[in-house]
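In what follows, a single structure is set out as structure tokens and then discussed.
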Amino acid sequence: MIVGFLCFLIAIGFVGAQTETFRFANYYADSMVLQRAPARLVLWGYVPDCRSVNVNYPDYSFNATLEKIPGKTYCRWKIDLPPAKAGGPYTISAVSGNEGIELKDVLFGDVWVCSGQSNMVFELSEVYNATTEIANAASYTNIRILSVNRVPSNSTLDEPPLTAPAWNKPSSTAINSFSAVCWLYGRDLYDTYKVPIGLISSDWGGTSIDKWSSHDALAKCKQTDDEVKAGLYPSNLWNAMIHPFVRFPIYGAIWYQGEANARPDEADALYRCYFAEMIKDWRLKWYEGTDKQTKIDFPFGFVQLAAEGTEGNKSAGYFPGLRWSQTGGQGFVPNELLPNVFMAVAMDLGDPTSPHGSIHPRDKQDVAIRLSRAGRAIAYGDTSLYYTGPLPVSAAITDLRETISAKIMYRNVEDKLYSFSKYGFELSCKERTGNTVSWIEGTLDTVMNDYVTVSFPRCPAGDAIGEEIRYAWRQDPCVFKKCAIYSGSDYLFPSPPYIIPIREHV
């Protein structure tokens, strides 16, 4: 923590030392990507003595507006320039008095922010086939990457902690330690759309969601000002590592976090609130901060928690409830609580022998395939793509005296259902004299094009058949890519974990 505090002082000292000079804000740098049309180009920086600033942009020349900073002899300058189509490289220059500054090798494309905890931090050098992935990355010169230094702050910063050069092309040196999920996701987008991609990796291992949420968002989840002031929910990573970018137009964000919140002392409903309110708040802050140049409902993708522990572990653990909360208690996205949100299911991508611990699976390629497919459908409107996996529609049960048979219907099936396991389904049983609910495991009997049948043993003596069936409600529900329900033609997408009410008793 002492090291982190010293880094914080150094970062603040660096920024403060630069504010007396004429400059761009620190995340505007050579080799960067700026958000393409229809967003207008937003540029800002600092100028001493509040001198006038003129910005020269291909075919344009404009005067910036100046904002006085209380107690300072310098001003913040800002300008909105006309939108630019995808492409480049360009040079953007600014002049104040006899001083000139410029940004070289600038591309216009789509900018994505990648945030979360250790599985987003997880470096490209740590994935399967890392050597090949790193070698191939160098050819993607139209993808540019920026990594935010991991420094907290108890108050909001205008600029993030960065190390020069801020933006880099994906050389072997630069990409080696960059976020694997962020890179692979962006690479898949580039392979599809061939427009420049800017990737901002702002993440920190072991962090809970409240650290990435503003005080405004936390207050919506009934976290009082007194709690915030007491340091229980300090928003310190939002302050230092997210807030500084809200003046910078982006296309969207992806998120891989939740492990730190999957614990016995935190109700799943609280995470459900945290997640939904954080997304709303990020969207509003970016919309306002960029003068409406970032969409108020910009696309937000996330990775549902991957498996952890021993393959097929019978323990439910705390991950299933957190996975459910990540979808707002619906089992799928987008939905009314989480509009324009997309996800990648990762519960079947367990890696019990990972040298980084089973909580950190090395297969980030499948995560990226699933996330980018969903992103292309939701964020880019390619509705012809299949990406959801099968989603349950209804469940009916028939009491066969010795056993109980369930029929589960699915929607969002491409071609047909595929199965690689007979297990993962559970039927609820309820005490006749109390409210205690238990679960009994069933066995998959038949798999048809859009439904399955499952056999369950009878509930324990004295218990009645409950009201729900749940699926994949385990910390690690199956062997690698071998869960019970999948669908897809060119790639098999797993059915997400779910709880579904029993609609019919026969």
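Just for segment 108-378, what percent of DSSP beta bridges are antiparallel, to the closest 5?
Details: 3 of 27 bridges.
Expressed as a percentage, antiparallel bridges in segment 108-378 total about 10.
What percent does the relative contact order of segment 411-506 come to when contacts are Cα pairs within less than 8 Å and at least six residues apart? Mind dumping the intermediate values first?
On the way: 184 pairs, mean separation 32.5, N = 96.
The value is 34 percent.
How far apart, in nm, are two points set 7 Å out from the Cα along the Cα-to-Cβ line at Thr383 and at Lys416?
2.9 nm
For Asp490, project a label point 7 Å along Cα to C-beta. Then give me every residue of segment 337-380 with its amide nitrogen under 20 Å of that point.
Flagged as within label range: 343-345, 365-380.
I want the antiparallel fraction of DSSP beta bridges within the chain, as a percent rounded to 5.
On the way: 69 of 99 bridges.
Around 70 percent antiparallel, to the nearest 5.
Loop sites only, by DSSP: take the trypsin sites (Lys or Arg not before Pro) in the chain that have at most 12 other C-beta atoms within 10 Å and name the longest stretch containing none of them.
86-193
Let's test the formula: R0 of 35 Å, r as the Cβ-Cβ distance of Ile69 and Lys104. What FRET efficiency results, to the nearest 0.05? Each step should come with its number before you reach the end.
Working: r = 28 Å, r/R0 = 0.80.
After rounding, the FRET efficiency stands at 0.80.
Restrict the search to segment 293-351; then list the GluC sites (Glu not before Pro) that DSSP places in a loop and that have at most 14 other Cβ atoms within 10 Å of their Cβ. Intermediate values should be presented prior to the final figure.
Values: sites: Glu308, Glu311, Glu336; in loops: Glu308, Glu311, Glu336.
Answer in residue order: Glu336.
Helix 180-193 versus the longest principal axis of the chain: what is the Cα-based angle in degrees, 0 to 90, to the nearest 10?
Compared with the principal axis, the helix lies near 80 degrees.
As an exercise, find the ratio Rg/Rh for the chain from alpha-carbon atoms, using the Kirkwood inverse-distance average for Rh. All intermediate terms of the calculation are to be shown ahead of the outcome.
Values: Rg = 25.0 Å, Rh = 24.4 Å.
When Rh is taken as the Kirkwood radius, the ratio is 1.02.
In nanometres, what is the gap between the two model label sites at Thr436 and Asp297, each 7 Å from Cα along Cα-to-Cβ?
Going from the Thr436 label point to the Asp297 one covers 4.7 nm.
Just to be sure I understand the model, the point goes 7 Å from the Cα along the line to the Cβ. What's the resulting Ser125 to Ala37 distance in nm?
4.2 nm
Please list, in order, the residues from segment 397-440 whose amide nitrogen is less than 16 Å from a point placed 7 Å along the Cα→Cβ vector of Lys482.
Correct set: 419-424.
Binned at 5 Å from 0, what are the whole-percent values of the Cα-Cα distance distribution for segment 303-437, short to long?
Pair shares across the bins are 2, 8, 13, 18, 20, 16, 11, 7, 3, 1, 0.
Name all residues of segment 54-94 having a backbone nitrogen under 15 Å from the label point set 7 Å from the Cα of Glu20 along its Cα→Cβ direction, giving them as ranges.
Counting backbone N atoms under 15 Å from the label point, the list is 72-75.
Please give the contour-minus-distance gain from Asn136 to Arg401: 0.36 nm per residue of separation, less the Cα-Cα distance, rounded to one decimal in nm. Walk me through the numbers before you get to the answer.
On the way: separation 265, 0.36 × 265 = 95.40 nm, distance 5.99 nm.
Gain on stretching Asn136 to Arg401: 89.4 nm.
Per residue, how much space in cubic angstrom lies within the convex hull of the C-alpha atoms of segment 108-378? Walk me through the numbers before you get to the answer.
Values: hull volume 32.8 nm³, N = 271.
Each residue corresponds to 121 Å³ of Cα convex hull volume.
Bear in mind these aren't lab numbers, they're just calculated from the coordinates by the rules spelled out. From a predicted model like this one, the values you see are computed outputs, not experimental measurements. Here the Cβ is made from the backbone with ideal geometry for all residues, glycine too, and neighbour counts use every protein chain on show.
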